[in-house]
Amino acid sequence: MKEISEETLRIAYIMSRPIDARGLSTRTYYSLKRWGLVTVGDLYRAYTDGEIKKIRGIGCKSINEVEHFLKRLFSKEEKE
């Protein structure tokens, strides 16, 4: 059986975490929530697929905010 690395487990944990308002403006958070984005994984997929641009209430500023939010979550320094 192949062993799963700590990094893979860390990423899986981050992707399964719910999106919370920490690090996002209220407007961005509620726009994402209304669109049905619940987990960091949902948000990551919407961001990488470009679907985030279709969300009402999400403009350039919010997209930059989401980008910084995701970078911060996936940085190696972020550990909980």
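Numbers below:
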quantity	calculated
Count of lysine pairs in the chain with Cα separation under 20 Å (8 or more residues apart, or interchain)	8
Label zone at Arg72 (point 7 Å along Cα-to-Cβ), backbone N below 13 Å, the stretch 4-26	20-26
Charge dipole of the chain about the Cα centre (unit charges at C-beta), most positive-ward option of Leu43, Leu32, Ser16	Leu32
Sum of -39500 (n - 2.57) over DSSP H runs of 4+, divided by residues of the chain (222 nm, nearest 500)	-17500 deg cm²/dmol
Rounded FRET efficiency, nearest 0.05, which uses the C-beta distance separating Lys33 from Lys53 and R0 of 22 Å	0.80
GNM top mover of Tyr29, Tyr47, Tyr13 - the chain, alpha-carbon springs below 10 Å	Tyr13
Cα pair distances of the chain binned at 10 Å [whole percent]	17, 52, 22, 7, 1
Rel. contact order, % - alpha carbon contacts under 8 angstrom, at least six apart, the chain	30 percent
Amide proton proximity set for Thr39, modelled H, under 5 Å, gap of 5+	Ile19
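Computed from the coordinates by the stated procedures, all read-outs in this text should not be read as laboratory data. Note that this is a predicted model, so its numbers are computed, not measured. FYI the Cβ positions are ideal-geometry reconstructions off the backbone, even for glycines, and counts take in every protein chain you see.
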